[in-house]
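Okay, so here's the structure we're looking at.
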2 protein chains.
Amino acid sequence: MIFLKKLLKGEKRTVAQTISVVENEGDTKILENIFKYTGKAYHIGITGPPGAGKSTLVNAIAKQLLEKNKKIGIIAVDPTSPFSGGALLGDRVRMTDLALKENVFIRSMASRGSLGGLAQKTKDVALVLDASGMDYILIETIGVGQVELDIAQVCDTTVVALVPESGDSIQAMKAGLLEIADVIVVNKGDREGCDSLIMELKFALDLRQQKAGWHYPIVKTIATEGVGIEELVATIQSHKEYLKRSGRFEKDRKEKLKLHIHELIEEKIKSHLKEFVIKDDELEKIINRVYERKLNPYHIADEITNKIFKVREDV
Amino acid sequence: MIFLKKLLKGEKRTVAQTISVVENEGDTKILENIFKYTGKAYHIGITGPPGAGKSTLVNAIAKQLLEKNKKIGIIAVDPTSPFSGGALLGDRVRMTDLALKENVFIRSMASRGSLGGLAQKTKDVALVLDASGMDYILIETIGVGQVELDIAQVCDTTVVALVPESGDSIQAMKAGLLEIADVIVVNKGDREGCDSLIMELKFALDLRQQKAGWHYPIVKTIATEGVGIEELVATIQSHKEYLKRSGRFEKDRKEKLKLHIHELIEEKIKSHLKEFVIKDDELEKIINRVYERKLNPYHIADEITNKIFKVREDV
């Protein structure tokens, strides 16, 4: 299998082709074949509200890791990211610069319109990059919804980027985001309100710190000038070491694999249901009766589920 | 059942209690009991990016409907909404004002942190409000993710609110949002850039218009001053009439019921899986082998799914 060899060596065109197949055709055959070569890449999630400078951070982190001779895969799931083509021309040029490096592979995920299945596809793409020999996979997402929470599940370290500005909408997003953060970055750290944001964050994190055994660090950066990036990368590194030392790395990874299996089963069952159980003419009749309120959907759901599992439980 | 009687009459305290039970305990018994009294309320979704003035629009629409002697339920799923307690004090006071009216019931959904299941819970709450005799249910969501798309499924008319300002991030959101819009509102219509936004929108909607048989209207409003609200309500009304006239109302509603049944079944199967099929000691061993890359998750998922369905197919 020349194709597989090329992929495992990280040959850029083959990596790109493989990702396209995985993304568009939903074919799990390739993923099945490459799975045994995965598990080596360290996954870093970078998330945060629009305008937090996530791409600039990703860019800066990638450069630091490049200097250490690491191979880096970047996945941008953020529709406002210059990686995904959503931002200003200047940004995009800067990113293209990074994409030309031998040891960097950048992929943006189409997220406009349909967000369903996006998290799953991101995980699949990460698997391909993992197999292709990347040391680090950086995943950039916009921090506003379920997709981020789902994608955080694939990351070993999740970095949440915030900026000292804006009002309640960002406050609200922060609330959900802090729960998935391992490392917090306050970017644009030269702006007014930076110190009070850090104080607020420390206050918000206080409760979590006692529980989890990891002192959630807050790193101040000015990503556009490279300020604080070295510290950020060192902090991510120390989180990695914490995970390994405490046994949480293996535990978390196993948890993620379990979740992955669950998701695969659920997906299979869903399509099975549509094919075998629900796609009957009978269903039309049932729906009509539900519409007329002569039947209720809870009862129907119970009946169908029982039918599926009754036999199984006897086995 | 005095309780049920009170609920059906829309007694506010009973409605609130019922919603709390449904929201917190995940008990479908109540929903099963009230289902036959539902199907009468018309569901209007109001979505859009932060700062589009969605709550002010909801507020204004509700007032218009109140004047027509309608009973109105409001569900706020937007963490930046004054209904949910996310916005400025001034806004919140204005909303409280509305909440005191006899014919208005307002409920905000806790969306901070965990977004999983939020769409389903919103649908459940809407069902309670429907049973409680509301003529209209207004559902306000922040337009940034999967949850909106899921909630749009429960709405008969989806209104997308935009403002003539801001850059790419909103552009990006618009892209996904337009696909679920039945009516588009350009709010803060006195601001610069309003006309060019309308032109852009018209251009973007051109392709859709031919397909769907409904001329997607764009309504210009200044919600804070009540400008354009009458036209907006009339437009929603005409969408309602279009749906009824064309037979799409019944068709869409049946489609939604079908989806609801699907979701219920999937949920049941999920918990079944956790209880019966996957919660084995054996799974630990399997996961360990997957972690060591000696097994792959795709194969495992196949095996388990086949086990479930093999017997069923023989029946």
Test for B:Lys188: is it more than 13 Å from chain A (Cβ to nearest Cβ) and either buried (at least 17 other Cβ atoms within 10 Å of the Cβ) or modelled with pLDDT of 85 or more (or both): yes
Can you give me the number of residues within segment A:33-74 that are under 30 Å from B:Asp302 (Cβ atoms) and touching an Asp or Glu at 6+ places or on another chain (Cβ under 9 Å)? 10
Which residue pairs have Cβ atoms under 8 Å apart, sit 6 or more places apart or on different chains, and have a first residue in segment B:250-274 that is facing chain A (nearest Cβ under 7 Å) and a second that is of a type in the set (D, E, K, R) and crowded, with 19+ Cβ neighbours inside 10 Å? B:Arg253/B:Asp156; B:His260/B:Lys123
Give me the pairs: first residue in segment B:212-223 and among the hydroxyl-bearing types (Ser, Thr, Tyr), second residue crowded, with 19+ Cβ neighbours inside 10 Å and assigned to a strand (DSSP E or B), beta-carbon distance under 6 Å, and six or more apart or on different chains, which are they? B:Thr221/B:Val185
Any hit, segment A:248-258, residues being of a type in the set (A, V, I, L, M), surrounded by fewer than 17 Cβ atoms within 10 Å (Cβ to Cβ) and part of a helix (DSSP H, G or I): no
Got a number for residues in segment B:223-275 being among the small types (Gly, Ala, Ser) and either touching a Leu at 6+ places or on another chain (Cβ under 8 Å) or closer than 18 Å to B:Asp130 by Cα (or both)? 1
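Let's see how each residue does on (1) at pLDDT below 85; (2) of a type in the set (Val, Ile, Thr); (3) buried (at least 22 other Cβ atoms within 10 Å of the Cβ):
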residue: A:Leu138; (1), (2), (3): no, no, yes
residue: A:Val163; (1), (2), (3): no, yes, no
residue: A:Ser166; (1), (2), (3): yes, no, no
residue: A:Met173; (1), (2), (3): yes, no, yes
Which numbered condition in (1) more than 14 Å from every other protein chain (Cβ to nearest Cβ); (2) at pLDDT below 95 is the only one that A:Val233 fails? (2)
Considering every residue within segment B:231-248, establish whether at least one is within 21 Å of the chain's Cα centre (by Cα), over 26 Å from B:Lys40 (Cβ atoms) and of a type outside the set (Phe, Trp, Tyr). no
For segment A:7-19, what are the residues that are surrounded by fewer than 13 Cβ atoms within 10 Å (Cβ to Cβ) and more than 17 Å from A:Leu100 (Cα to Cα)? A:Lys9
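The values are calculated or read from the model by the stated rules, or taken from the named source; none is laboratory data. Note that the structure is predicted; figures quoted are calculated from it, not measured. Reconstructed Cβ throughout: ideal geometry from the backbone, glycine too, with neighbour counts over all protein chains shown.
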